[in-house]
Amino acid sequence: MQMPKEWTETEIPEGGTLLRKETYEYQTEKGDFNIEVYENLKGEFYAIGTPNSGDKLIVYGSNITTSRALALSVVLDKIERE
């Protein structure tokens, strides 16, 4: 996915961090889940998934990786294992 030039040309004040967020909705027999994938300016990704409903808030997360697909896959795998 090509990033807009504003993403790489924006000057970030010292001490600040800029993240780009994509949102997904994962639908499965176990329920519906919101998944957010974050990207930083270094091209690193991580993902977080949470259920849309239920009595418990369970957060499924990935480690930081250089692959958007891997971060998303890790969260999907964790949801399916639960």
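Any read-out appearing in this document is the output of simple, stated calculations on the displayed coordinates, not a laboratory observation. Just so you know, these numbers come straight off a predicted model, no measurement behind them. Cβ placement follows ideal geometry from the backbone for every residue including glycine, while neighbour counts extend to all protein chains displayed.
Give me the pairs, please: first residue somewhere in the stretch 48-65 and outside any loop (DSSP other than H, G, I, E, B), second residue anywhere and among the small types (Gly, Ala, Ser), beta-carbon distance under 6 Å, and either six or more positions apart or on two chains.
48/61; 51/31; 60/49; 65/71
Out of 9, 22, report the one residue that is loosely packed, with under 13 Cβ neighbours inside 10 Å and out of contact with any Cys (no Cβ under 6 Å at 6 or more places or on another chain).
9
Name the residue that is farthest from residue 18 (Cα to Cα), counting only residues in the stretch 36-47 that are assigned to a strand (DSSP E or B), in contact with a Leu (Cβ under 7 Å, 6 or more places away or on another chain) and not small (Gly, Ala, Ser).
The selected residue is 37.
In this structure, is residue 30 under 20 Å from residue 18 (Cα atoms) and surrounded by fewer than 16 Cβ atoms within 10 Å (Cβ to Cβ)?
Against the criterion (under 20 Å from residue 18 (Cα atoms) and surrounded by fewer than 16 Cβ atoms within 10 Å (Cβ to Cβ)), residue 30 does not qualify.
Consider only pairs whose beta carbons are under 6 Å apart and that are at least six residues apart or on different chains; among these, list those whose first residue lies in the stretch 26-46 and is within 15 Å of residue 72 (Cβ to Cβ) and whose second residue is loosely packed, with under 15 Cβ neighbours inside 10 Å and charged (D, E, K, R).
The qualifying pairs are 36/21; 37/22; 38/21; 39/20.
For residue 69, only one of the following conditions fails: (1) within 17 Å of residue 20 (Cα to Cα); (2) surrounded by fewer than 15 Cβ atoms within 10 Å (Cβ to Cβ); (3) touching a residue at least 12 places away in the same chain (Cβ under 8 Å). What is its number?
(3)
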